[in-house]
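A short worksheet on the structure shown next.
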Amino acid sequence: MSARTARTRLFALSTVALAALALTACESGSDTGASSPSSSTTATAGAKPSTGDSAGTAGGTGANDSKGTDAQGDKGTSAGSSGTGTGKGTATGTGGGKGNGTGSGSGAQDKGIPGKCSASDVRITATEVPRPINHLLLTATNTGSKTCHLPAYPQARFGEAQSVPPVAEETKPQAVTTLEPGASGYAGVLLSAGDGSGGNGRTVNTLTVPFDDGSIATVSLPSGGVHVDDALTVTYWQTDVDLALSH
């Protein structure tokens, strides 16, 4: 082998050896700095969209200001010290008041006040009296189990009359007549003028008396009916027979 060829091979081997040494140095060296994240990098709240029912996550050490909406689930916002984020927030509130009250609708009698008398629990009879002449006595008897008060006076309708007779105002009592069970009230009826001066005289065979509750009592008249004329007048209901026949 010539000296030139030997030098060429030696140079080639040296080159390969140097390349191998350089490669080994790279593989065994410390991998620091380049691939590590910088220590000054700060994590930010809200960098990623937040989900769920949380009102938001604070970033870093900043304050968390969370705003939620009503139960319909509208989006809220969350702000942190070093970033902002959005997330779903729910705010639910319930409020309600319950009140229990009881009231009585069964009428004034529940408070100890007598109710109105009715044709279903008051029986009215009509009786002719000898004195004063031409008078009829109406007697209303409470056949029910509760105390009730009568109308101010009997709006008596005789026969087919289109109107009721007037009331003698001088017979008005201080209070309406109240009937306890079994008690009676009285009213007098002047049927006709004693001297025959009344006009439109006629005989009637039927009598009805309404009550304040809307019911109507049918009253039986004496056999043969009664004679009435334009003098027809009634008194207020009284608690005494003599008062009812005093006019």
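Read-outs: derived from the displayed coordinates by stated rules, not from any lab. None of these values were measured; they are calculated from a predicted model. Reconstructed Cβ throughout: ideal geometry from the backbone, glycine too, with neighbour counts over all protein chains shown.
If each residue of separation counts as 0.36 nm, what is the full-extension length gain between SER118 and ALA193 once their alpha-carbon separation is subtracted? Don't jump to the answer; show the numbers that get you there.
Values: separation 75, 0.36 × 75 = 27.00 nm, distance 3.17 nm.
So the chain would gain 23.8 nm between SER118 and ALA193.
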LYS146-THR203 pseudo-label distance in nm [points 7 Å out on the Cα-to-Cβ vector]: 4.3
So for region 114-244, averaging the separation of alpha carbon pairs under 8 Å that are six or more residues apart and normalising by length, what relative contact order in percent results? 33
Once fully extended, how much extra length lies between SER220 and VAL241, figured as 0.36 nm per residue of separation less the alpha-carbon to alpha-carbon distance? 5.6 nm
Would you please give the residues with an amide H less than 5 Å from that of ALA156, counting only those at least 5 places away or on a separate chain, with H modeled from the backbone geometry? none
List every residue whose amide H lies under 5 Å from the amide H of ALA217, counting only residues 5 or more places away in sequence or on a different chain, with H placed 1.01 Å from N in the peptide plane. VAL209, PHE211
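Does region 114-244 come out rounded, prolate or oblate by the C-alpha gyration tensor, with a ≥ b ≥ c the root eigenvalues, rounded set by a/c under 1.5 and, if not, prolate when a/b is larger than b/c and oblate if not? Please list the in-between numbers first.
Working: a/c = 1.91, a/b = 1.61, b/c = 1.19.
Taking the square roots of the gyration eigenvalues as a ≥ b ≥ c, region 114-244 is prolate.
First check a/c for region 190-247, with a ≥ b ≥ c the square roots of the eigenvalues of its C-alpha gyration tensor; if it is under 1.5, answer rounded, and if not, answer prolate when a/b is larger than b/c or oblate otherwise.
Numbers: a/c = 1.99, a/b = 1.25, b/c = 1.60.
Verdict is oblate for region 190-247.
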